[in-house]
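What follows is a set of notes on a single structure, which appears directly below.
The values are calculated or read from the model by the stated rules, or taken from the named source; none is laboratory data. Because the structure is a prediction, the values reported are computed rather than measured. Cβ placement follows ideal geometry from the backbone for every residue including glycine, while neighbour counts extend to all protein chains displayed.
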Amino acid sequence: MYLDKFKLTGKVAVVTGAGRGIGLATVEALAEAGATVVLTDMNQDLLTVSTVALHDKGFNVDSEQLDVTDVAGVQAVHDAIIARHGQVDILVNNAGIAISNHPAETMADEVWNKVIDVNLNGLFWCCRAFGRSMLERGSGSIVNIGSMSGFIVNRPQEQANYNASKAAVHHLTRSLAAEWGARGVRVNAVAPTYIDTEMNKYVYQDPDMYRHWVGGTPMDRLGRPDEVASVILFLASDASSLMTGSIVLADGGYVCW
């Protein structure tokens, strides 16, 4: 009974920012559970390579190029996926960026706006487009990728833009959950710690930053993409059927200190 709740057979899932890292691991987790998964990413080359690799593993996947900051493009990709697959049961909003080491008092407008546009606006455009069709069907599960940075202020890097965007993602998650819960659509979020991805590889060349990142984590290590993907699978599946509006920390204990 209980293991069956994690199965996604017959479900269609969409993952943004799916070309690598947490997004790619999430695609594999959802596909392994039985879902048909549509990868989306703005980098077509990365998207093609990742889709082929997943096909070679025997997973049922599809792909669409998508820039989440393009409102019309989000709707067009939604319409194309619905036309091809008939429905979307799961949406994972993983696309996001970080532009750090910009002190607030000197942060350029374009640096602030770019992070907010991808991490918050783009996530909302996707929630709105795919949420509409989920509401029409009376069911769906949306999982947003927030961050422990929505709970704490990271150090030593200055990144008020990123921190604010992720805190906003958390409260947007709760807001949508409150609006849509009685209509069959659940909205939750995962808040990861620092994850060992290409985006964070630079920390290994910066001893001071590494000391803060790993030394500030009770588990004394970075997280792995598959560890976050496992939490996303739980929230996407019926195993979490009583959960909506939850922000699940997957932070190695970082916020304990």
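At a glance:
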| quantity | calculated |
| --- | --- |
| Residue within the stretch 37-49 that is within 20 Å of R186 (Cβ to Cβ), in a helix (DSSP H, G or I) and either aromatic (F, W, Y) or in contact (Cβ under 8 Å) with a residue 12 or more places away in the chain (or both) present | no |
| Options A164, A177: the member that is touching a Ser or Thr at 6+ places or on another chain (Cβ under 6 Å), outside any loop (DSSP other than H, G, I, E, B) and surrounded by fewer than 22 Cβ atoms within 10 Å (Cβ to Cβ) | A177 |
| Restricting the stretch 49-79 to residues that are over 15 Å from T16 (Cα atoms) and of a type in the set (A, V, I, L, M, F, W, C), the residue that is surrounded by the most Cβ atoms within 10 Å (Cβ to Cβ) | L54 |
| First in the stretch 93-113 and in contact (Cβ under 8 Å) with a residue 24 or more places away in the chain and under 27 Å from V74 (Cβ atoms), second anywhere and in a helix (DSSP H, G or I) and of a type in the set (F, W, Y), Cβ under 8 Å, 6 or more apart | A98/Y162; I99/Y162; S100/Y162 |
| Given (1) part of a helix (DSSP H, G or I); (2) surrounded by 14 or more Cβ atoms within 10 Å (Cβ to Cβ), index of the condition A95 fails | (1) |
| Count - residues of the stretch 98-142 that are touching a Ser or Thr at 6+ places or on another chain (Cβ under 9 Å), of a type in the set (S, T, N, Q) and not in a helix (DSSP H, G or I) | 1 |
| Residue tally, condition in contact with a helix residue (DSSP H, G or I) (Cβ under 8 Å, 6 or more places away or on another chain) and in a helix (DSSP H, G or I), over the stretch 238-257 | 5 |
| Pairs with Cβ under 7 Å, 6+ apart, first in the stretch 219-243 and surrounded by fewer than 19 Cβ atoms within 10 Å (Cβ to Cβ), second small (G, A, S) and outside any helix (DSSP H, G or I) | M219/G252; M219/G253; R221/G252; E227/A250 |
| Tally, over the stretch 228-253, of residues that are touching a Pro at 6+ places or on another chain (Cβ under 8 Å), of a type outside the set (A, V, I, L, M, F, W, C) and within 26 Å of L176 (Cα to Cα) | 1 |
| Residue within the stretch 226-237 that is modelled with pLDDT of 95 or more and part of a strand (DSSP E or B) present | no |
| Scope the stretch 1-23; condition surrounded by fewer than 23 Cβ atoms within 10 Å (Cβ to Cβ) and not in a loop (DSSP other than H, G, I, E, B); matching residues | L3, D4, K5, F6, V12, G21 |
| Subset of the stretch 19-44 (residues that are over 16 Å from V88 (Cα atoms) and either aliphatic (A, V, I, L, M) or at pLDDT below 95 (or both)) | I22, L24, A25, A29, M42 |
| The stretch 134-147 - residue that is touching a residue at least 40 places away in the same chain (Cβ under 8 Å) and either surrounded by fewer than 17 Cβ atoms within 10 Å (Cβ to Cβ) or among the charged types (D, E, K, R) (or both) and, of those, nearest to L176 (Cα to Cα) | L135 |
| The lone exception for A164 - which of (1) aliphatic (A, V, I, L, M); (2) in contact (Cβ under 8 Å) with a residue 40 or more places away in the chain; (3) under 23 Å from K7 (Cα atoms) it fails | (3) |
